[in-house]
Amino acid sequence: MKSTVNQLMCSYYKANSKKGLYTAVGLSLLLFFNNLSAQNHTVAQRVDSLMKLMTLDEKIGQLNQYSSSWATGPVSPEGNKLQEIREGKVGSLLNVKGVDKTRAMQEIALQSRLRIPLLFGLDVIHGYKTIFPIPLAEAASWDMNAIETSARIAAVETAASGIHWTFAPMVDIARDARWGRVMEGAGEDTYLGCAIARTRVKGFQGKGLGATDAVMACVKHFAAYGAAIGGRDYNSVDMSDCSLWEVYLPPFKAALDAGAATFMNSFNDLNGIPATGNSYLQRDILKGKWGFQGFVVSDWGSIGEMIQHGYVKDQYEAAQAAISAGSDMDMESRCYNRNLKQLVRDGKVSVSLINDAARRILTKKFELGLFDDPFRFSISEREIQTIADTEHRIQARDVARKSIVLLKNENGLLPLAPSKKIALIGPLAKSKVDMLGFWNVEWPDNSDVISPFEGLEARVGKGNLLYAKGCDITDTSKVGFSEAVNVARKADVVILTVGEKRDMSGEAKSRSNIHLPGIQEELIKAIYTTGKPVIVLVNAGRPLIFNWTAEHVSSIVYTWWLGSEAGNAMADVLFGDYNPSGKLPMTFPASEGQIPIYYNYLNTGRPASDDGSFANYQSGYIDLAKSPRYPFGFGLSYTSFLYDGLKLSSEHMKSNEKIEVSFSLTNTGKYAGDEVVQLYFRDQVASVVRPVKELKDFQKIHLDSGEHKTVHFTIDKEKLSFYNRKLEWVAEPGQFDLMIGASSADIRLKSTFVLE
Ligand code: BGC
């Protein structure tokens, strides 16, 4: 039977490959021989039928993923990858991009005995060709439409380039700004993180797998990777069950509920067990309790790295531990393709584990339609048209300006009148690549990125913008200062662009010192002494510390890494074409010594007061206030908002009831603007102590000058629930504080209610 199938399939493909065609009809022949056509049968039946034809080697091949030479981790050079693809020993490739390259690789895969198409994956973290703001910046928009648009456009461009799968969203909660990967997530808060996780999955997967403009999402890094001790990337995680379940796992669950097709596990160990070999995480929680039907890919080499962890002694044991724990696909460690067959022969791994993993992977290939047409994502004309779509740039500009956070604007210096003589000074003023930030898909040419200089010059007119660099980002020399000071003296107002290089935050980019790098703050001081009004723009991938600037400079704008349209988005905000509306998704520390710092901490039995004062025997520091430089949820606007008229439909609720909350929000300033109103609760007494404040809802509301709206929130049992000591999700009766604010520290309305 096998050889008949093989012969018939081969003759079919030969005939069609001469014409350069691999069509839907061609591959469904495989199913025809099993009497299972695509039209009449479910994906599960089609997978079963294919599985019956597969040898153990071919099944193990599906579990194997290699990178192209463009690597995002240490590649093992050994072996002939192309030959292995031809032999059906590779199920997926990462880092192959573009229609031509994916098509070429797919053609090789289709020379294998069963012609199972490859899956192509890539880290499309914040855009493919059109680069959007880094995820942390987008999180600052608190704008789910904007975030969905960004993910959607990324998916459209990625899918048009022959790629089926993005390794995003990263949903790791992060409370330590020293960790370089904070740039890749949604910040410190679980509620906001869940909303963003859902939104990104929706954006990437669009109308669902099978649409040629959708890519599979890969939710990562499962789990608790963001809590690496000391903020050091890849470090161990030591965590209570309550924190794991309540703070770190919910965004994964939210992404799963939104239909995420795949998960990636993580490099860290969790309480001594590497995540990749962690059955509790992958089998008990993800595939068990949560019923995840997709597949789990290991993080890069993480199966083999269990040897360095000291969890297994060699690759043989690593493969056994990973497959047993539920890691379905091996990214670049080769442990599976070298050892799984022997493990089966030795009776250490049951074939059913391999069948299950292979079935999960093949299911996604069927759902993507790759068995109907393996080239359906690889169409040159579509790629060219999609990549050139100018609408994508318009959207990127809009998302970028929504991601900007106004931190300070004393004396109303902003928005600027374009008629002013402006000097743009600083190491990032003319930078393009640093606007993109870490994790952009590398292109040979970044000339289409709008630098701050180009964005501002486009607004004030060519030749009207003065410029000096002052220093480099990591400089120790002040030779450029005098020129910068001279230029500043000629201007009415100075805009300084300072911050991080594109590779100072990101994977493996943990920093112990998160002050503005180099002598940039010295440059700010030098310009400040000219007496000219100064606006500082901070471009960075994480919260930075710049205390002198925060205290002295009258206007500060946090511009993160905003992507392709960075300069235009900055100009929009600086000149008031867009009124800034971003709010910080992470607490900004005043000193590294406060880290980890986050707004939803537990009160302790000896709380220090919030105003920074400290008495002996209190939980604080004798040499540092415990309050942050900028709190979670903080961000200013050119207008002002009045919160008043708080009403609760009742001050009591039973667990099956709801309380309706309403208040009036008025734009009392002279500009139209958006306000992110934030709802926090505190459960006053509980069987497991509760944080001083927890975000439980928010809305972003647009109001014209003078306009007001009634804002509504609903309180239900779900919002009041937490994990008790037995890890049961419960809402305990008692009194709750309700707080509505413009940030976690700027509470405008308060009340209490009782859950009976
Ligand atoms: C990262 C992942 C990424 C993978 C593939 C790893 O080093 O941790 O987030 O998806 O490489 O590039």
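A quick yes/no check of all residues on (1) of a type in the set (Lys, Arg); (2) over 27 Å from Ile595 (Cβ atoms); (3) under 36 Å from the mean Cα position of the chain (by Cα); (4) in a helix (DSSP H, G or I):
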{"site": "Lys478", "(1), (2), (3), (4)": "yes, yes, no, no"}
{"site": "Val485", "(1), (2), (3), (4)": "no, yes, no, yes"}
{"site": "Leu496", "(1), (2), (3), (4)": "no, no, yes, no"}
{"site": "Lys501", "(1), (2), (3), (4)": "yes, no, yes, no"}
{"site": "Ser505", "(1), (2), (3), (4)": "no, no, yes, no"}
{"site": "Glu521", "(1), (2), (3), (4)": "no, no, yes, yes"}
{"site": "Ile524", "(1), (2), (3), (4)": "no, no, yes, yes"}
Taking the range 238-264 and keeping residues touching a helix residue (DSSP H, G or I) at 6+ places or on another chain (Cβ under 6 Å), closer than 28 Å to Lys364 by Cα and part of a helix (DSSP H, G or I) leaves Pro250, Pro251, Ala254, Ala255
Could you figure out which of (1) part of a strand (DSSP E or B); (2) exposed (fewer than 15 other Cβ atoms within 10 Å of the Cβ) isn't true of Lys709? (2)
Here the qualifying pairs (Cβ atoms under 7 Å; residues six or more apart or on different chains; first in the range 317-343 and at positive phi; second within 15 Å of the ligand (Cβ to nearest atom) and open to solvent by 20 Å² or more (accessible area, probe 1.4 Å)) come out as Glu332/Gly73; Glu332/Val75; Glu332/Ser76; Arg334/Ser76
How do the pairs read when you match residues in the range 42-66 that are more than 18 Å from Pro117 (Cβ to Cβ) with residues anywhere that are open to solvent by 10 Å² or more (accessible area, probe 1.4 Å) and among the aliphatic types (A, V, I, L, M), using Cβ under 8 Å and keeping only pairs 6 or more apart or on different chains? Gln45/Leu36; Leu56/Val344; Leu56/Val351
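One residue is enough: does the range 353-361 have a residue meeting the conditions outside the structural domain of Phe292 (by TED's automatic domain parsing), in contact with a His (Cβ under 8 Å, 6 or more places away or on another chain) and of a type outside the set (Gly, Ala, Ser)?
For the range 353-361, residues outside the structural domain of Phe292 (by TED's automatic domain parsing), in contact with a His (Cβ under 8 Å, 6 or more places away or on another chain) and of a type outside the set (Gly, Ala, Ser): absent.
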Among the numbered conditions (1) in a loop (DSSP other than H, G, I, E, B); (2) in contact (Cβ under 8 Å) with a residue 40 or more places away in the chain, tell me where His392 comes up short. (1)
For residues that are open to solvent by less than 60 Å² (accessible area, probe 1.4 Å) and out of contact with any strand residue (DSSP E or B) (no Cβ under 7 Å at 6 or more places or on another chain), tally how many sit in the range 481-499. 2
I need the full set of residues from the range 619-659 which are at pLDDT 95 or above, open to solvent by 50 Å² or more (accessible area, probe 1.4 Å) and farther than 30 Å from Gly576 by Cβ, in order please. Lys647, Ser649, Glu651, His652, Lys654, Ser655, Asn656, Glu657, Lys658
Does any residue of the range 163-175 turn out to be of a type in the set (D, E, K, R) and over 19 Å from Gly98 (Cα atoms)? yes
Checking the structure you have, find out if any residue of the range 645-656 is of a type in the set (A, V, I, L, M) and in contact with a Pro (Cβ under 6 Å, 6 or more places away or on another chain). no
The range 69-87: number of residues that are at pLDDT 85 or above and either crowded, with 16+ Cβ neighbours inside 10 Å or within 16 Å of the ligand (Cβ to nearest atom) (or both): 4
Mind checking whether some residue in the range 142-149 is without any contact (Cβ under 8 Å) to a residue 40 or more places away in the chain, open to solvent by 10 Å² or more (accessible area, probe 1.4 Å), part of a helix (DSSP H, G or I) and more than 16 Å from the ligand (Cβ to nearest atom)? yes
Residues in the range 507-519 that are more than 23 Å from the chain's Cα centre (by Cα) and at positive phi total 1
Qualifying positions in the range 279-304 - outside any loop (DSSP other than H, G, I, E, B) and closer than 12 Å to Val219 by Cα: Leu286, Phe295, Val296, Val297
Restricted to the range 307-331 and to residues being open to solvent by less than 10 Å² (accessible area, probe 1.4 Å) and within 15 Å of the ligand (Cβ to nearest atom), the residue nearest to the chain's Cα centre (by Cα) is Met331
Quick check: is even one residue across the range 394-406 open to solvent by 10 Å² or more (accessible area, probe 1.4 Å), at pLDDT 95 or above and out of contact with any helix residue (DSSP H, G or I) (no Cβ under 9 Å at 6 or more places or on another chain)? yes
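Condition check ((1) under 30 Å from Leu370 (Cα atoms); (2) open to solvent by 10 Å² or more (accessible area, probe 1.4 Å)) across all residues:
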site: Val124; (1), (2): yes, no
site: Ile131; (1), (2): yes, no
site: Ile173; (1), (2): no, no
site: Gly180; (1), (2): no, no
site: Gly185; (1), (2): no, no
site: Thr199; (1), (2): yes, yes
site: Gly206; (1), (2): yes, yes
site: Thr212; (1), (2): yes, yes
Which residues, taken from the range 335-372, are open to solvent by less than 10 Å² (accessible area, probe 1.4 Å), over 33 Å from the mean Cα position of the chain (by Cα) and β-branched (Val, Ile, Thr)? Val349
Restricting attention to the range 666-692, which residues are under 20 Å from Met653 (Cα atoms) and open to solvent by 30 Å² or more (accessible area, probe 1.4 Å)? Arg682, Gln684, Val685, Ser687
Just wondering, is there one or more residues in the range 335-344 that are of a type in the set (Phe, Trp, Tyr) and over 23 Å from Pro250 (Cβ atoms)? yes
Here is a check on your reading of the model: is Gly582 in contact with a Phe, Trp or Tyr (Cβ under 7 Å, 6 or more places away or on another chain) and not hydrophobic (A, V, I, L, M, F, W, C)? no
Taking the criterion of being in contact (Cβ under 8 Å) with a residue 24 or more places away in the chain, small (Gly, Ala, Ser) and part of a loop (DSSP other than H, G, I, E, B), would at least one residue in the range 601-618 satisfy it? no
Sort out which residues of the range 192-205 are away from the ligand (no atom under 16 Å from the Cβ) and out of contact with any Lys or Arg (no Cβ under 6 Å at 6 or more places or on another chain), and write them in order of number. Leu192, Gly193, Cys194, Ala195, Ile196, Arg198, Thr199, Lys202, Gln205
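The values are calculated or read from the model by the stated rules, or taken from the named source; none is laboratory data. Given the structure is predicted, the values throughout are model-derived calculations rather than measurements. Counting neighbours? That spans all protein chains shown, and the Cβs are built from the backbone with ideal geometry, glycine included. With ligands, DNA and RNA removed, areas are computed over all heavy atoms of the protein, side chains included. Shrake-Rupley method; radii C 1.70, N 1.55, O 1.52, S 1.80 Å.
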